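Values quoted throughout were computed directly from the atomic coordinates according to the rules given, and no laboratory measurement underlies them. Remember, predicted model here, so these are calculated numbers, not experimental data. Cβ coordinates were reconstructed from backbone atoms using ideal geometry, including for glycine residues, and neighbour counts include every protein chain displayed.
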Amino acid sequence: MGARPQKSTTTLSPRTRSAKRASSQKTPPYAGEPKYAVIFRALQRQRASLIQGAEAVVEQRPGLATFPDMNDQATAEADQNFALRIKDRERKLIKKIDEALERLSTRTYGICEGCGEEIPLKRLKARPVTTFCIDCKTRQEQEEHTRG
């Protein structure tokens, strides 16, 4: 009888197993507007990179250590809060990417939510998650500035 290969004793968290399954699955081909194919692939790469980075942080993040010196403790807490704020921003960006991918799949991508006109491809390449053309976004920012 031949020797059986040993099973790996490494245990993966459910989140890691899920991520490995998701990353090993083939991405469906882009079926929308041909001019947006490059943006579609870039959004998918960016999303995968953000998720992979977030999973690494979650798995490697130690609990908050207790330091005898109050200054060291405050610094550690500030560092942890900063890292969590960055992760929250990344989570929001992933949500915007998902929304852009959804608009691409429903063929509503590249249409300004303010005026209904087509957003220039140059703007979409620079900011692929945008939902407003430059004119509408400028108007929106001016209104926000006026309101304070």
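Here are a few things to note about the model shown:
- Our coupling estimate for region 100-108, obtained by passing each phi through the Karplus curve with A = 6.51, B = -1.76, C = 1.60 and θ = phi - 60°, is 5, 4, 5, 4, 5, 6, 9, 6, 10 Hz, Gly and Pro reported as x.
- Under 5 Å, built H, 5+ apart or other chain: amide partners of I111: I119
- Segments 99-108, 115-124, 68-77 sorted - mean Cβ within 10 Å per residue, highest first: 99-108, 115-124, 68-77
- Estimated distance in nm for a label pair at R45 and E113, the labels positioned 7 Å out from Cα along Cα-to-Cβ: 2.7
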